[in-house]
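Notes for the one structure printed next.
The values are calculated or read from the model by the stated rules, or taken from the named source; none is laboratory data. It should be emphasised that the depicted structure is a prediction, and the values quoted were computed from it without experimental measurement. Backbone-built Cβ (ideal geometry, glycine too); neighbour counts: all protein chains shown. Ligands, DNA and RNA are stripped out before the accessible areas are found, and what is left, the full protein with its side chains, is counted by its heavy atoms. Shrake-Rupley method; radii C 1.70, N 1.55, O 1.52, S 1.80 Å.
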Amino acid sequence: MSAGALGADRLHAVLDAALGVSGADDVEAQVTRTWGGLTRFARSQVHQHVAGDDSIVAVRVVTGARIGVASTNDATARGAATAAARALAAARCSAPDPTYAGLAGPAPLPAVGRRYDDDTAGASPRRRAAAVADLLSRLLPGQEAAGAVATTASEVGLATTAGARLHTLTSGASASTVVMGHGASGHAEDAAVALADLHPGDVGQRAAATCAAAVDPGPAEPATYEVVLLPAAVTTLLQYLGATTVSAKAHAEGRSAFCGRLGTPVASPLVHVADDAVGDGALGAPFDPEGTPKQRVELIAGGTAAGLVHDRATAAAAGVDSTGHALAAPNPWGPLPRHLVMAPGDSSIDELVAGVERGLMVTRFWYTRTLNSKQTLVTGMTRDGTFRIDGGQRGPAVRNLRFNQSILEALASCDGVGDLLRVAVDGTSQTRAPALRLRSFRFTSVAGH
Amino acid sequence: MTLPAETETLARRAVEVAIAAGATYADARFVDLDEEHLAVRNGEVEGVGVSSSAGVGVRVLKHGCWGFAATGVPEPAQAEVAARLAVEVAESGQALQRSPVRLAGVEPVQDRWETALAEDPFAVPLEDKLDLLVRATRAMLGVPGASVATGGFHAWRRRSRFVSSEGTSVAQRIVHCGAGITATAVGEHEIQTRSYPNSFGGDFGAEGYELVRRLDLAGQAPRVAEEAVQLLDADPCPAQTTTLVLDGSQVSLQVHESIGHAIELDRVLGSEAAYAGTSFLTPHDRGRLRYGSPLLNVVADATTPGALGSFGYDDEGVAATCTPIVTGGVFRDFLSSRETAAAIGLDRSGATMRAQSWAHLPLIRMTNVSLLPGQAGSLDELLDGVDHGIYLETNRSWSIDDRRVDFQFGTEWGREIRHGRLGRVLRNGTYGGRTTSFWGSLDALGGPGLWKAWGLPNCGKGQPGQGSRVAHGAVPARFRDVQVGAG
């Protein structure tokens, strides 16, 4: 038995107690067990160090197309049966859902690479503290760091009265840091299935180098610049594009920038964006909370708006199959991409910079928010290392700037793509992004510090 | 209050096991959470969800290092395992500890506290709550041009028992609820949403269902939808430096982002640098820094009746209090914990430590960080004398840098101000500025009759991320020479 795992049989025994609720037409039940810990550090010392375990049984019950959802962390058969009864009671108070499309039946899961590492699932607090020490050892004199190293494991079982019976084990390890010193800061992060494949020392070294280069930031005028966005900054743009534009629900309601533009150019031909939870490098479970196997979906192919992500309700309305992008019920947001990946190009960072006569290089964005989803217009600040580019060379640091920019318009001006993907994780979402060179990016003000 | 006596035995046992394992301080929180979330879209029920979660979190100090462990199985054996694991976690951080944690003192207390309710929101039949949302969304969808109409109701009940090795034992029952509606109109290149009574899901409080009944969602629905449709053809807000008048809900978010987060002492001391960020404030600024105009008076008051950030005791067992934050425009004090208070030489915590659940470590969180009212008896009084200006209402976007200095906010609804009166409707209004200079430009505030505590149910902080429900008392306010533009 793997560290902490109960196994498919024991989880399905719990789920069967939910599926057996009397009076329901359809029942979908999922049990999610999570365990692990997080070692958080600031001022280069550990200050919040946590460990724990929990289980959630979530039950969706349907009666007469009326739907109720209940969850509990009492992951016993009795707890699951109680949750099912509560979900049924909620369903009986509800009204028929015209978008209900039935439950997932049995379907083969896609072949995926390694998603679970026993060593990571059983990692001790001392192992995480050692990873933090490794990260901190790469700091330069006068620098301090804040960040976190986390190890997690998850075991998921899912069953429906339509015949789906799924089980998976996953693990993850991540390290992220902001290194500060001499009035500057730098950021780096990494994530992997296994703690052994995580490189906290490299994370510390990259952030420390950026911090060292970012000292004494000078002024910069708000203007439209050519930019090189490093992968963390591109990650933010992809996440906001994914949240506003590629959901079939947003598209059906006319809220998406892809409305009327599927099959037409929306970005540079160099831009290829997909949602891919099944390919190499992806983390997490290979099925969604409705029990649909996850599919790779091409969202932007060679600059053309190529596709949308679906759950069972949007797929039924559109007459297509679900792509496995449901969120846990109840879900007013509709399907969303959780494993965005942009295809790498063939340029190093230096080569991207060499193509800019006068511009800016941005390490990451901060506090980005949507201003107009239909135009993919967002605002935010730069953070943790913003640099001038002069004559094809990275120059001195500049103060942080605020941007107001349409993501699709920015991607339309892309003329260079980095050759290295960096991974960022946020809860159960994962984004893999390269650096990009964009010919036009609008900055509207400069920070006062 | 229905909290079994066994929960005290359970928490006390976890504390005893931690002390026996070498901890110099320990506390344990048993927490039992219930939630109810209803969503209606375009007159159809979209989601009915109920959830429950119970567990125990154990926090310890050993060799001056924190350790925390939690279990979702709130039984004696598992609580003991969590207590020992918390001590192991604390021990493992010792090699990376440079300065041991010290705690400001607190008088041990045995007490209980609960939210005052007129009508328990969990006892109101689901059918009644759904019917209200269905009627409201159908009324919005009946307005020509309205494309999407949503309504939501949310309720949370938290029963907790806190026990510490210093002799404190506190039981609490806290109930929150609230509701709201939105209407969205979609044009070829524009999408406009109006929310009522506020964005972020509506308005919320530490009250019963009487709060929801007061909102009159169905009655307000047609106006909300009409305004969304009207915005599609409205002129964009012109870019200019001008006089800005904000409604109370937008002022509450301005307080949240540019005061509430900036005064969190853990951010000031660097604990949140990697995620939420830091602050432009330093401990040296207490009593010295001019935060805004002399009209600016702000308190952090966790005792405000009915406000979403009110409680009896925080998750360190410290009694709720009211702390002056800004007085006459001068910065007075931070939001603090026992650890951070001691770190800057204070003798008492500000009682702001809260955790999302039993599984989370308490962090410094806003309580009810509220702007105190001024003199203007009405919005018209604020507009009086404004020859040219902009009025903005209801937040739509919010963005501020990691030190809480440079901000830009977008709003749903704008009006031109001409000769002291509201004029044409404006869309996509934004404004920006820098925290202390913006608050320095404050030159008029609504009076006590316009003051309201706005509940925000979604304040995020920490790693792992935690959500918190907070509130901000606010009034409409007027600011001079603000950069306004179209987002």
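From the list B:VAL124, B:VAL89, pick out the single residue that is touching a Phe, Trp or Tyr at 6+ places or on another chain (Cβ under 9 Å), crowded, with 23+ Cβ neighbours inside 10 Å and either within 11 Å of chain A (Cβ to nearest Cβ) or outside any helix (DSSP H, G or I) (or both).
Matching residue, one of B:VAL124, B:VAL89: B:VAL89.
Return the residue satisfying two criteria in turn: it lies in region B:68-108 and is within 27 Å of the chain's Cα centre (by Cα) and touching a residue at least 40 places away in the same chain (Cβ under 8 Å), and of such residues it is nearest to B:PHE311 (Cα to Cα).
Ranking the qualifying residues of region B:68-108, first place goes to B:VAL106.
Exactly one condition in (1) in contact with a helix residue (DSSP H, G or I) (Cβ under 6 Å, 6 or more places away or on another chain); (2) farther than 30 Å from B:ILE417 by Cβ; (3) buried (at least 24 other Cβ atoms within 10 Å of the Cβ) is false for B:ILE344; which is it?
Only one criterion is unmet by B:ILE344, namely (3).
Go through B:GLY462, B:GLY414, B:GLY485, B:GLY455 for me and flag whichever is touching a Leu at 6+ places or on another chain (Cβ under 8 Å), at pLDDT below 95, buried (at least 18 other Cβ atoms within 10 Å of the Cβ) and not polar (S, T, N, Q).
After ruling out the rest, the residue left standing is B:GLY462.
Identify, by number, the condition in (1) surrounded by fewer than 19 Cβ atoms within 10 Å (Cβ to Cβ); (2) touching a residue at least 40 places away in the same chain (Cβ under 8 Å); (3) more than 14 Å from every other protein chain (Cβ to nearest Cβ) that A:ALA317 doesn't meet.
Against the list (1) surrounded by fewer than 19 Cβ atoms within 10 Å (Cβ to Cβ); (2) touching a residue at least 40 places away in the same chain (Cβ under 8 Å); (3) more than 14 Å from every other protein chain (Cβ to nearest Cβ), A:ALA317 comes up short only on (3).
Determine which member of the set B:GLY385, B:GLY374 is open to solvent by 20 Å² or more (accessible area, probe 1.4 Å), of a type in the set (Gly, Ala, Ser) and either in contact with a helix residue (DSSP H, G or I) (Cβ under 7 Å, 6 or more places away or on another chain) or assigned by TED's automatic domain parsing to the domain that holds B:LEU295 (or both).
The match here is B:GLY385.
When residues of region A:140-154 are filtered for being among the hydrophobic types (A, V, I, L, M, F, W, C) and open to solvent by 20 Å² or more (accessible area, probe 1.4 Å), how many remain?
Count: 1.
Would you mind telling me which numbered condition in (1) within 30 Å of B:THR340 (Cα to Cα); (2) polar (S, T, N, Q); (3) open to solvent by 30 Å² or more (accessible area, probe 1.4 Å) A:THR32 fails?
A:THR32 satisfies all of (1) within 30 Å of B:THR340 (Cα to Cα); (2) polar (S, T, N, Q); (3) open to solvent by 30 Å² or more (accessible area, probe 1.4 Å) except (1).
When you go through (1) within 7 Å of chain B (Cβ to nearest Cβ); (2) modelled with pLDDT under 95; (3) open to solvent by 10 Å² or more (accessible area, probe 1.4 Å) one by one for A:HIS49, which number turns out not to apply?
(3)
Only one of B:VAL148, B:VAL58 is within 28 Å of the chain's Cα centre (by Cα), open to solvent by less than 50 Å² (accessible area, probe 1.4 Å), hydrophobic (A, V, I, L, M, F, W, C) and more than 8 Å from chain A (Cβ to nearest Cβ). Can you tell me which?
From the options B:VAL148, B:VAL58, the qualifying one is B:VAL58.
Mind listing just one residue for me: the one in region B:92-121 that is farther than 30 Å from B:ALA179 by Cβ and charged (D, E, K, R) and, of those, surrounded by the fewest Cβ atoms within 10 Å (Cβ to Cβ)?
B:ARG98
Return only the number of the condition from (1) assigned to a helix (DSSP H, G or I); (2) surrounded by fewer than 21 Cβ atoms within 10 Å (Cβ to Cβ) that B:ARG480 does not satisfy.
(1)
Looking at region A:155-175, can you tell me whether even one residue there is in contact with a helix residue (DSSP H, G or I) (Cβ under 6 Å, 6 or more places away or on another chain), surrounded by fewer than 24 Cβ atoms within 10 Å (Cβ to Cβ) and under 30 Å from B:SER279 (Cβ atoms)?
No, there is no match, as no residue in region A:155-175 is in contact with a helix residue (DSSP H, G or I) (Cβ under 6 Å, 6 or more places away or on another chain), surrounded by fewer than 24 Cβ atoms within 10 Å (Cβ to Cβ) and under 30 Å from B:SER279 (Cβ atoms).
Which of the strands (runs of 3 or more DSSP E) found entirely inside region A:356-449 contain at least 2 residues meeting this: assigned by TED's automatic domain parsing to the domain that holds A:ALA252 and of a type in the set (D, E, K, R)? Spell out the reasoning first.
Details: elements: A:358-372, A:377-390, A:393-397, A:401-406, A:414-417, A:422-426, A:429-433, A:436-446.
Result: A:358-372, A:377-390, A:422-426, A:436-446.
Looking at (1) within 20 Å of A:SER373 (Cα to Cα); (2) buried (at least 24 other Cβ atoms within 10 Å of the Cβ); (3) among the aliphatic types (A, V, I, L, M), which is the one condition that is false for B:VAL186?
Result: B:VAL186 fails condition (2) only.
Search region A:373-405 for residues being open to solvent by less than 10 Å² (accessible area, probe 1.4 Å) and of a type in the set (Ser, Thr, Tyr), and hand back the single one that is farthest from A:THR224 (Cα to Cα).
A:THR376
Mind telling me which of the residues A:ASP390, A:ASP426, A:ASP419 ends up being within 11 Å of chain B (Cβ to nearest Cβ) and not polar (S, T, N, Q)?
None of the others qualify; the one that does is A:ASP426.
Only one of A:ALA252, A:ALA257 is within 13 Å of chain B (Cβ to nearest Cβ), surrounded by fewer than 21 Cβ atoms within 10 Å (Cβ to Cβ) and among the aliphatic types (A, V, I, L, M); which?
Answer to the selection: A:ALA252.
Here is a yes/no grid of residues against (1) modelled with pLDDT of 95 or more; (2) of a type outside the set (Lys, Arg); (3) surrounded by fewer than 24 Cβ atoms within 10 Å (Cβ to Cβ); (4) not assigned by TED's automatic domain parsing to the domain that holds B:ILE400:
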residue: B:LEU215; (1), (2), (3), (4): yes, yes, yes, yes
residue: B:VAL224; (1), (2), (3), (4): yes, yes, no, yes
residue: B:THR241; (1), (2), (3), (4): yes, yes, yes, no
residue: B:VAL245; (1), (2), (3), (4): yes, yes, no, no
residue: B:ALA262; (1), (2), (3), (4): yes, yes, no, no
residue: B:PRO294; (1), (2), (3), (4): yes, yes, yes, no
residue: B:ALA300; (1), (2), (3), (4): yes, yes, no, no
residue: B:LEU308; (1), (2), (3), (4): yes, yes, no, no
residue: B:TYR313; (1), (2), (3), (4): yes, yes, yes, no
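Count, please, the residues in region A:24-45 that happen to be part of a loop (DSSP other than H, G, I, E, B) and within 9 Å of chain B (Cβ to nearest Cβ).
2
Can you find, within region A:94-111, the residue that is farthest from the chain's Cα centre (by Cα) among those that are open to solvent by less than 30 Å² (accessible area, probe 1.4 Å) and at pLDDT below 95? It would help to see each step written out before you state the result.
Taking region A:94-111 and keeping what is open to solvent by less than 30 Å² (accessible area, probe 1.4 Å), we get A:94, A:97, A:102-105.
Add one more test, that the residue is at pLDDT below 95, and what stays is A:94, A:97.
Working: A:SER94: 32, A:ASP97: 29 Å.
Result: A:SER94.
Mind checking which residues of region A:290-306 are buried (at least 22 other Cβ atoms within 10 Å of the Cβ) and either free of Cβ contacts under 8 Å to residues at least 24 places away in the same chain or in a loop (DSSP other than H, G, I, E, B) (or both)?
If the condition is that a residue be buried (at least 22 other Cβ atoms within 10 Å of the Cβ) and either free of Cβ contacts under 8 Å to residues at least 24 places away in the same chain or in a loop (DSSP other than H, G, I, E, B) (or both), then A:GLU290, A:GLY291, A:THR292, A:LYS294 are the ones that fit.
Does A:HIS187 satisfy being over 28 Å from A:VAL215 (Cα atoms), open to solvent by 10 Å² or more (accessible area, probe 1.4 Å) and part of a strand (DSSP E or B)?
no
Residue by residue through region B:92-114, note down the ones that are assigned to a loop (DSSP other than H, G, I, E, B), of a type outside the set (Gly, Ala, Ser) and closer than 23 Å to A:ARG128 by Cα. Explain how you work it out, then say what you get.
Here is the first cut: in region B:92-114, the residues assigned to a loop (DSSP other than H, G, I, E, B) are B:93, B:97-109.
From the residues that got through so far, the ones that are of a type outside the set (Gly, Ala, Ser) too are B:97-98, B:100-103, B:106-109.
The answer is B:GLN97, B:ARG98, B:PRO100, B:VAL101.
Which fully enclosed strands (runs of 3 or more DSSP E) of region B:388-451 have 1 or more residues being under 30 Å from A:THR376 (Cβ atoms), more than 9 Å from every other protein chain (Cβ to nearest Cβ) and in contact with a helix residue (DSSP H, G or I) (Cβ under 7 Å, 6 or more places away or on another chain)?
B:388-400, B:406-418, B:421-427
Only one residue in A:ILE56, A:ILE67 is closer than 30 Å to B:ASP266 by Cβ and among the aliphatic types (A, V, I, L, M), so which one is that?
So the residue among A:ILE56, A:ILE67 that is closer than 30 Å to B:ASP266 by Cβ and among the aliphatic types (A, V, I, L, M) is A:ILE56.
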